[in-house]
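Here's the structure we're looking at; comments come further down.
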Amino acid sequence: MNQKKSFALAALATMLMSSAAWAETELTVYTAIEAEDLKRYAETFNQDHPDIKLNFIRDSTGVITAKLLAEKDNPQADVVWGLAATSLLVLKSEGMLEAYAPKGADQLKPNFVDSDSPPSWVGMDAWAASICFNTVEGQKLGLTAPKSWKDLAKPEYKGHVVMPNPASSGTGYLDVSSWLQLFGEKDGWAYMDGLHQNVAAYTHSGSKPCKMAAAGETVIGISFEFRAAKSKAEGAPIDIIIPEEGIGWDMEASAIVAGTSKEEAAKTLLDWSVSKKANEMYNVGYAVVAMPGVAKPVPHLPADIEARMIKNDFEWAANHRNAILEEWTKRYDSKSEPKS
């Protein structure tokens, strides 16, 4: 009896130690999700999984992508939750992602899941380009609101346009890669040459140009639709313009970093990231989410925004990323803001 009791106590001690260890599981999560949303995302996840603490390392898309690539031989992240799919395709090509099919991934729109089986990444939501036009400042200067991308190269807008640097901002990169797809390589670079004449500065954040337009610090900010809708909802005197040629877009996506020692907890986060609850959370700001039938219209954005998004070739954008950024930097980096 005593022997049985000691075995039972030993088993109980092991179980308690195991559950204590699990209760203290911490995941290092690299992300480019807007900083103001991270607390809400963590709290919503922890409603279902209070035993996993998320430690976020957050920066703009280009910075996080460069950091992951620099750490290839000594990964510091366990999970990527909220990084451009084009960036994850680069990491996939480097063998840095652990393939895993989260439970429920088959319920997502097919183009929001990596085509390999099992997939290396799964999508969350899409963010798309838009123009924020400050109507008050525009009226002061006698400027009419642009209707198209090509309008932005008109002489009247000289010095009144701010856009993100594609080397540091995922929004900037989706702009540049979409213009090259829309207009063709030769005409795309010619368009950017003209646009460059009107640009006052290239920022290292995709949301900053719209924030600047909202604050009256510039008339036109090339940004993304989620930030634009948020600024307008906060009372900013901006029009949200969806250029008539169509808009570039990328999706936020998630993946497990190969080599993590916390694989089970990482899988738990990936499983949750594709759930209906997670998709409803994404829809608070994003009009387009990975799970069909979930998205409700976002105030101030057109209901047909998904139809205005171009047919984006993510593989092409990922495979040509280095060459495109090298060319862009050579031509236009002189107007980039200093890096903080």
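The values are calculated or read from the model by the stated rules, or taken from the named source; none is laboratory data. Because the structure is a prediction, the values reported are computed rather than measured. Please note: Cβ atoms are built from the backbone with ideal geometry, for glycine as well, and neighbour counts cover all protein chains shown. Please note that ligands, DNA and RNA were not included when accessible areas were found on the heavy atoms of the full protein model with its side chains. Shrake-Rupley method; radii C 1.70, N 1.55, O 1.52, S 1.80 Å.
Counting only helices (runs of 4 or more DSSP H) that fall entirely inside region 231-316 and contain at least 1 residues that are under 17 Å from Leu174 (Cβ atoms), touching a strand residue (DSSP E or B) at 6+ places or on another chain (Cβ under 7 Å) and open to solvent by 30 Å² or more (accessible area, probe 1.4 Å), the qualifying elements are 305-308. Within region 156-169, restricting attention to residues that are open to solvent by 10 Å² or more (accessible area, probe 1.4 Å) and either aliphatic (A, V, I, L, M) or touching a helix residue (DSSP H, G or I) at 6+ places or on another chain (Cβ under 8 Å) (or both), the residue that is modelled with the lowest pLDDT is Ala167. Only a single item in (1) surrounded by 17 or more Cβ atoms within 10 Å (Cβ to Cβ); (2) among the acidic types (Asp, Glu); (3) touching a Lys or Arg at 6+ places or on another chain (Cβ under 9 Å) is not met by Glu225, and it is number (3). When we screen Gly216, Gly194 for residues that are on the phi > 0 side of the Ramachandran plot, touching a helix residue (DSSP H, G or I) at 6+ places or on another chain (Cβ under 7 Å) and open to solvent by 20 Å² or more (accessible area, probe 1.4 Å), the only hit is Gly216.
Of the strands (runs of 3 or more DSSP E) lying entirely inside region 41-145, those containing at least 1 residues that are more than 30 Å from Lys158 (Cβ to Cβ) and without any contact (Cβ under 8 Å) to a residue 40 or more places away in the chain span 52-58. Pairing each residue of region 265-288 that is of a type in the set (Lys, Arg) with any residue that is assigned to a helix (DSSP H, G or I) and surrounded by fewer than 21 Cβ atoms within 10 Å (Cβ to Cβ), provided the two are 6+ apart or on different chains, yields C-beta distances under 9 Å for Lys276/Gln107; Lys277/Thr44; Lys277/Gln47; Lys277/Asp48.
Annotation note: of Leu108, Leu88, the sole residue that is open to solvent by less than 50 Å² (accessible area, probe 1.4 Å) and under 17 Å from the mean Cα position of the chain (by Cα) is Leu88.
Taking Ala32 and the conditions (1) at pLDDT 90 or above; (2) open to solvent by 20 Å² or more (accessible area, probe 1.4 Å), which numbered condition does it fall short on, given that it satisfies the others? The number of the failed condition is (2). The single condition from (1) assigned to a helix (DSSP H, G or I); (2) free of Cβ contacts under 8 Å to residues at least 60 places away in the same chain; (3) of a type in the set (D, E, K, R) that Glu217 fails is (1). Checking region 195-202 against the condition returns a match, with at least one residue being closer than 16 Å to Ala129 by Cα, modelled with pLDDT of 95 or more and in contact with an Asp or Glu (Cβ under 8 Å, 6 or more places away or on another chain). When Ala258 is tested against (1) touching a Phe, Trp or Tyr at 6+ places or on another chain (Cβ under 9 Å); (2) within 29 Å of Glu98 (Cα to Cα); (3) of a type in the set (A, V, I, L, M), only condition (1) is not met. Scanning region 242-282 for residues that are under 14 Å from the mean Cα position of the chain (by Cα), of a type outside the set (Asp, Glu) and within 30 Å of Lys147 (Cβ to Cβ) returns Gly248, Trp249, Met251, Tyr282. Cβ separations smaller than 9 Å between residues 6+ apart or across chains give the following pairs from region 323-339 residues that are at negative phi to residues that are at pLDDT 95 or above and loosely packed, with under 14 Cβ neighbours inside 10 Å: Arg331/Asp193; Tyr332/Asp193.
All conditions but one from (1) among the aromatic types (Phe, Trp, Tyr); (2) over 18 Å from Pro338 (Cβ atoms); (3) open to solvent by less than 10 Å² (accessible area, probe 1.4 Å) apply to Tyr202; the one that does not is (2).
Looking across region 58-83, the residues that are surrounded by 15 or more Cβ atoms within 10 Å (Cβ to Cβ), within 20 Å of the chain's Cα centre (by Cα) and under 17 Å from Ile256 (Cβ atoms) come down to Ile64, Thr65, Leu68, Ala77, Asp78, Val79, Val80, Trp81, Gly82, Leu83.
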